[in-house]
């Protein structure tokens with residue numbers, strides 16, 4: 001027993017000795033480090049005191065270094081990856097006007113017009129870290145995205161920029177277009193303009209007092225995270241609705257976009273700004289014309305889904321019992337309404353992002369729709385060529401089944417429609 005206790009005390013003594021030795025070594029090293037640090041600080045202060053005069057060589061050298069960096073622009077940093085821009089810099093720069101129209105849906109002259117229009121908002125400045133993307137290239141990136149509906153990654157590889165840059169170009173372009181281009185290209189006509197539209201429509205289709213046609217088109221989108229069922233339309237896919245009113249030349253003068261695809265034409269109309277103006281009675285100029293004993297004001301044409309109003313004329317519902325006069329009236333109304341259907345075909349033919357399912361945020365999709373409508377008007381008014389090969393595979397994909405008028409839907413304008421029917425049935 002005594003041997004065991006002795007062994008324990010021996011081990012304990014050895015541990016205490018080793019611990020004391022280790023602590024002594026640590027204190028010695030700590031003291032040496034402190035003395036070393038103190039010596040370095042002493043030397044630094046000696047140098048500072050010796051060079052306190054601003055005329056020393058060290059101070060002059062320091063000033064020269066600062067001036068050198070102040071006058072020298074830094075080269076792009078390492079995060080600006082090198083990407084191939086040969087397609088834009090070499091190939092596109094040699095495009096003819098026909099090639100510009102084929103690829104960007106408009107001539108280079110119109111692209112430059114847009115650059116000048118949106119430049120104050122879209123242009124970016126070069127910094128010390130990287131060069132900015134020129135305004136013409138930023139506009140071209142956005143136009144390519146709208147014209148083709150390509151993925152951001154594909155556009156980035158084609159133009160030699162990052163995916164983030166493509167996304168920002170599209171967002172900035174649509175925001176700038178809504179601020180500067182949309183109000184200029186899509187605006188409510190003044191009385192003189194209404195008169196010009198009515199004269200053009202009557203000369204072309206023989207319809208007096210008609211100032212346009214209205215219809216809707218469904219824009220495919222991905223299912224939103226909230227209220228998915230509201231955006232599920234009658235065709236079986238998610239969409240938002242574009243309601244447009246065009247004149248006799250197929251130019252939009254009223255656009256309303258963004259409502260869920262499950263709504264019907266009448267519901268969209270009643271939520272639109274056009275209905276709000278009509279309900280206040282100040283939508284169109286108070287100019288009437290006596291047609292077969294009825295004072296007829298300005299009106300637009302709609303299909304059978306819309307409610308009959310003094311300012312909104314539609315065909316007679318085909319119940320199989322239409323008179324010959326009603327059938328003639330329907331044919332002439334339908335022939336004039338083709339202008340709005342062709343406008344939607346050309347809109348989606350040029351800007352194919354409206355044809356494919358759009359993966360962008362719902363708010364951005366709404367902005368893209370309004371921007372495309374403004375670009376449609378710009379191209380049409382500038383006389384840009386349209387290739388029939390761009391037509392969508394299903395030309396009337398924007399038309400859903402017309403809404404049968406339910407109970408409680410008030411209708412006006414029966415006397416106006418009857419007067420127009422008698423007028424259109426007169427011998428020419």
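Kindly establish whether residue 120 is part of a helix (DSSP H, G or I) and on the phi < 0 side of the Ramachandran plot. Yes: the conditions hold for residue 120.
Do we have any residue at all in region 357-370 that's within 21 Å of residue 269 (Cβ to Cβ) and modelled with pLDDT of 95 or more? Yes, there is a match, as at least one residue in region 357-370 is within 21 Å of residue 269 (Cβ to Cβ) and modelled with pLDDT of 95 or more. Of all residues in region 101-112, those that are in contact with a helix residue (DSSP H, G or I) (Cβ under 8 Å, 6 or more places away or on another chain) and either surrounded by fewer than 20 Cβ atoms within 10 Å (Cβ to Cβ) or outside any helix (DSSP H, G or I) (or both) total 8. Pairing each residue of region 84-99 that is in contact (Cβ under 8 Å) with a residue 60 or more places away in the chain and at negative phi with any residue that is surrounded by 11 or more Cβ atoms within 10 Å (Cβ to Cβ) and not in a loop (DSSP other than H, G, I, E, B), provided the two are 6+ apart or on different chains, yields C-beta distances under 6 Å for 87/158; 88/159.
Out of the residues in region 130-147 that are more than 18 Å from the chain's Cα centre (by Cα) and surrounded by 12 or more Cβ atoms within 10 Å (Cβ to Cβ), which is nearest to residue 106 (Cα to Cα)? The residue in question is 134.
Of 349, 320, all but one fail to be assigned by TED's automatic domain parsing to the domain that holds residue 214 and on the phi > 0 side of the Ramachandran plot; the exception is 320.
Criterion applied to 248, 244 was being in contact with a strand residue (DSSP E or B) (Cβ under 8 Å, 6 or more places away or on another chain), crowded, with 21+ Cβ neighbours inside 10 Å and assigned to a loop (DSSP other than H, G, I, E, B), and the one residue passing it is 248.
Give region 251-273 a look and list any residue that's closer than 23 Å to residue 335 by Cβ, assigned to a helix (DSSP H, G or I) and out of contact with any helix residue (DSSP H, G or I) (no Cβ under 6 Å at 6 or more places or on another chain), or say none.
First, pick out the residues of region 251-273 that are closer than 23 Å to residue 335 by Cβ: 251-254, 265, 269.
Imposing the further condition that a residue be assigned to a helix (DSSP H, G or I) reduces the set to 265, 269.
Listed by number, the list holds a single entry, 265.
The values are calculated or read from the model by the stated rules, or taken from the named source; none is laboratory data. Just so we're clear, the structure is a prediction, and the values are computed from it rather than from any experiment. With ideal geometry, Cβ positions are generated from the backbone for all residues, glycine too; neighbour counts draw on all protein chains shown.
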